[in-house]
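Accompanying notes for the structure given below.
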Amino acid sequence: MFRIAAACLAGVSLCAVGLPVAAQSAPIVIVGTNTEADAATLNAAIAASPEGSEIVLRGTFLISETIRLLGHRSYRGESRAGTVLRQADGANLDALMASDVYLDNRDYTGVPLAVRHLTLDGNRARNPGAQTSGLVLRSWLSVVEDLHIANMAGDGLRVTSVSRDGTGLKTTQVNGRISDCFIENSGRHGIHIEDPGNAVTDWILRDNWVAGSGSDGIHMDNAAGWIVERNHIYGVRHHAIYAHRLYATSIADNYVEGFGETDEAGTWCGIIATLQGDAASTIANNRIFCFGGEKQEESAYHYLAVSVNYGRGMAVVAGNAIRGAGTPRGTGLHYTAAEGRVLEVVSTANAVTDVQTARHVGERVSVAPSF
């Protein structure tokens, strides 16, 4: 293992600091100095690293340019408290860390990478000129775990199929995992799956805490093939979990403390799911509450809402526990299908109480028997 002080690497290669060729597979340790030289130093070390490198970050880094994540590498802090990347005052970055293909506006997804065990601090109050996101990932078969992401003006964590200038993917971006992260005080969504096409599918999102989001806690443009389980969401202004385009999706065992915690009038949901017509999905064993109290008098509060995007949508909704705030504004289960679409739902063993309407079943919706 070798160590690089964060002031010594900008603009030089690893060989220039005496790294033996035979040692290039050892962890590369970069030590933060909490100065504006840190970002250039870190980017230089990453650029010079060989594929297969484990890049270890130690200490506090002041980030004045986006950290460029190359694939076929892992990026590891020593702990959430021991490794902190904080946006410099007035840097106004698009992202603190981002996949290289996102920054380079490629039309293909990045190769696998991993980011673990560190804190990203957006320093939101001192960066009013940008909607900074903490981590923007545009790489397949990748792992994000044990991050603390706080104080971003934009999204806390974004997995996206579009690049910085809006270039879309011509490839898929599948088979990743996001787990054990604490994401708080995001200006927009805590976790955002941005996918106007159909590229970001078949991931796992589990065991995360999402708090204090300016819009949705978890916002998924494409939930196809995803497993979304054991996440804890609270303090969100709009929807706790917005899941669009379910296709063989599982949303299970999540804990929603509250949603719609805003003065803005609207229809706010604990979990809102829209189904594709070709497969079936499960929404089970979630605990959905509104401890904020359904306070906006012109709003409607739907604790679990299911609808269909096209064709004949099918879902199992089972074992969910819903307890409302006892106002005239709450609906426990809300099932709808627009004209030209059909929703078939097995709705069973759900506990629903303290809402004005326990279950709304719209036209073109059939509640099927279970077997």
- Would a scan of region 113-120 turn up a residue that is at pLDDT 95 or above and not in a strand (DSSP E or B)? no
- Go through 229, 264, 194 for me and flag whichever is without any contact (Cβ under 8 Å) to a residue 40 or more places away in the chain and over 16 Å from the mean Cα position of the chain (by Cα). 264
- Message: Looking at 312, 341, can you tell me which residue is surrounded by fewer than 24 Cβ atoms within 10 Å (Cβ to Cβ), touching a residue at least 40 places away in the same chain (Cβ under 8 Å) and farther than 28 Å from residue 261 by Cα?
- Response: 341
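From the list 280, 368, pick out the single residue that is out of contact with any helix residue (DSSP H, G or I) (no Cβ under 9 Å at 6 or more places or on another chain), of a type in the set (A, V, I, L, M) and modelled with pLDDT under 95. Outline the logic, then answer.
On the way: 280 fails: modelled with pLDDT under 95.
Step by step, each of 280, 368 is checked, and only 368 is out of contact with any helix residue (DSSP H, G or I) (no Cβ under 9 Å at 6 or more places or on another chain), of a type in the set (A, V, I, L, M) and modelled with pLDDT under 95.
What residue, of 138, 164, is farther than 28 Å from residue 79 by Cβ, of a type in the set (D, E, K, R), in contact (Cβ under 8 Å) with a residue 12 or more places away in the chain and in contact with a helix residue (DSSP H, G or I) (Cβ under 8 Å, 6 or more places away or on another chain)?
Only one candidate qualifies: 164.
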- Does at least one position in region 57-71 carry a residue that is closer than 20 Å to residue 174 by Cα, of a type outside the set (D, E, K, R) and under 19 Å from the mean Cα position of the chain (by Cα)? yes
- Message: Looking at the structure I just gave you, is residue 206 of a type in the set (Lys, Arg) and not assigned by TED's automatic domain parsing to the domain that holds residue 271?
- Response: yes
- Filter region 67-79 down to residues that are of a type in the set (Lys, Arg) and either over 19 Å from residue 132 (Cβ atoms) or outside the structural domain of residue 144 (by TED's automatic domain parsing) (or both) and give me whichever is surrounded by the fewest Cβ atoms within 10 Å (Cβ to Cβ). 76
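For region 149-214, please list each of the strands (runs of 3 or more DSSP E) lying entirely inside it that holds at least 3 residues being crowded, with 18+ Cβ neighbours inside 10 Å and not acidic (Asp, Glu).
Values: elements: 157-160, 177-179, 182-184, 191-194, 204-206, 209-211.
Passing ranges, in order: 157-160, 191-194.
Return the residues of region 28-42 that are part of a helix (DSSP H, G or I) and surrounded by 19 or more Cβ atoms within 10 Å (Cβ to Cβ); say none if nothing qualifies.
Going through region 28-42, the residues part of a helix (DSSP H, G or I) turn out to be 38-42.
38, 39, 41, 42 - these are the residues of region 28-42 that are part of a helix (DSSP H, G or I) and surrounded by 19 or more Cβ atoms within 10 Å (Cβ to Cβ).
The values are calculated or read from the model by the stated rules, or taken from the named source; none is laboratory data. Remember, predicted model here, so these are calculated numbers, not experimental data. All Cβ positions, glycine included, derive from the backbone under ideal geometry; neighbour counts span all protein chains shown.
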